[in-house]
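The structure appears right after this line, and notes come after that.
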Amino acid sequence: MKTNKIPKIMSEFIGEHHVLAMATIQGDMSFSCSLFYSFIEEEECFIFASDEETEHMQNIMQNPDVSAAIHFETKEIEHIKGIQVKGMVEKAEARHEHLYLKEYPYAADVKNKSMWKLKITELKYTDNNLGFGQKEIWKY
């Protein structure tokens with residue numbers, strides 16, 4: 001049984017948001033996109049929907065290693081907080097689509113979408129409310 005669970009402060013922050021910015025790479029070219037996500041804490045993953053023809057998915061087909069970020073938007077330095085993610089993307093299972101559509105029912109009408117799973121390998125959480133530059137790191 002795995003005992004290295006994602007810290008509660010990180011899980012709560014992820015649960016308070018719904019969009020992540022994901023970066024992919026192909027060769028020496030990078031690309032980023034924004035995605036709605038469902039977070040499955042017990043599986044340490046994000047589920048998202050995307051068309052296989054998009055640039056980010058074409059990149060992932062060649063290199064499934066990605067990075068992502070979720071952040072609280074503010075101009076006040078003492079309130080800056082966010083999470084940086086490293087992981088690998090793979091095809092999601094049918095049960096994941098059900099969870100995603102429960103959260104985003106309008107996605108059922110999106111044509112050419114496929115469901116994907118970003119399996120988290122590392123998280124870095126920053127919260128200036130806890131002290132300037134205060135960071136916590138979690139690795140799978």
Q: Out of the residues in the range 94-130 that are among the acidic types (Asp, Glu) and under 25 Å from residue 61 (Cα atoms), state the one that is nearest to the chain's Cα centre (by Cα).
A: 122
Q. Considering the range 1-29 alone, what residues qualify as being of a type in the set (Gly, Ala, Ser) and either touching a residue at least 24 places away in the same chain (Cβ under 8 Å) or under 24 Å from residue 112 (Cβ atoms) (or both)?
A. 11, 15, 21, 23
Q. Does at least one position in the range 76-87 carry a residue that is closer than 23 Å to residue 135 by Cβ, at pLDDT 95 or above, in contact with a helix residue (DSSP H, G or I) (Cβ under 8 Å, 6 or more places away or on another chain) and β-branched (Val, Ile, Thr)?
A. yes
Q) Which ones in the range 1-18 are surrounded by 12 or more Cβ atoms within 10 Å (Cβ to Cβ) and of a type outside the set (Lys, Arg)? A) 6, 7, 9, 10, 11, 13, 14, 17, 18
**Q.** Residue within the range 41-59 that is exposed (fewer than 12 other Cβ atoms within 10 Å of the Cβ), more than 13 Å from the chain's Cα centre (by Cα), among the acidic types (Asp, Glu) and under 16 Å from residue 118 (Cα atoms) present
**A.** yes
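Tell me whether the range 125-140 contains one or more residues that are of a type in the set (Asp, Glu) and at pLDDT below 95.
First, pick out the residues of the range 125-140 that are of a type in the set (Asp, Glu): 127, 136.
Next, from what is left, pick out any that are at pLDDT below 95: 127, 136.
Within the range 125-140, one or more residues are of a type in the set (Asp, Glu) and at pLDDT below 95.
Identify the residue in the range 19-40 that is among the polar types (S, T, N, Q) and either under 17 Å from residue 84 (Cβ atoms) or touching a Leu at 6+ places or on another chain (Cβ under 9 Å) (or both) and, among all such residues, is surrounded by the most Cβ atoms within 10 Å (Cβ to Cβ). Show your work before the answer.
Within the range 19-40, the subset among the polar types (S, T, N, Q) is 24, 26, 30, 32, 34, 38.
Remaining after also requiring either under 17 Å from residue 84 (Cβ atoms) or touching a Leu at 6+ places or on another chain (Cβ under 9 Å) (or both): 24, 30, 32, 34, 38.
Working: 24: 25, 30: 11, 32: 14, 34: 11, 38: 21.
Going through the qualifying residues, I end up with 24.
Condition test on residue 47, is it within 18 Å of residue 101 (Cα to Cα) and free of Cβ contacts under 8 Å to residues at least 60 places away in the same chain? First the steps, then the outcome.
Values: within 18 Å of residue 101 (Cα to Cα): yes; free of Cβ contacts under 8 Å to residues at least 60 places away in the same chain: no.
Answer is no for this residue.
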Q) Looking at (1) among the hydroxyl-bearing types (Ser, Thr, Tyr); (2) closer than 20 Å to residue 122 by Cα; (3) at pLDDT below 95, which is the only condition residue 37 fails? A) (3)
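The values are calculated or read from the model by the stated rules, or taken from the named source; none is laboratory data. None of these values were measured; they are calculated from a predicted model. Because the Cβ atoms are built from the backbone with ideal geometry, glycine has one as well, and the counts that use them run over all protein chains shown.
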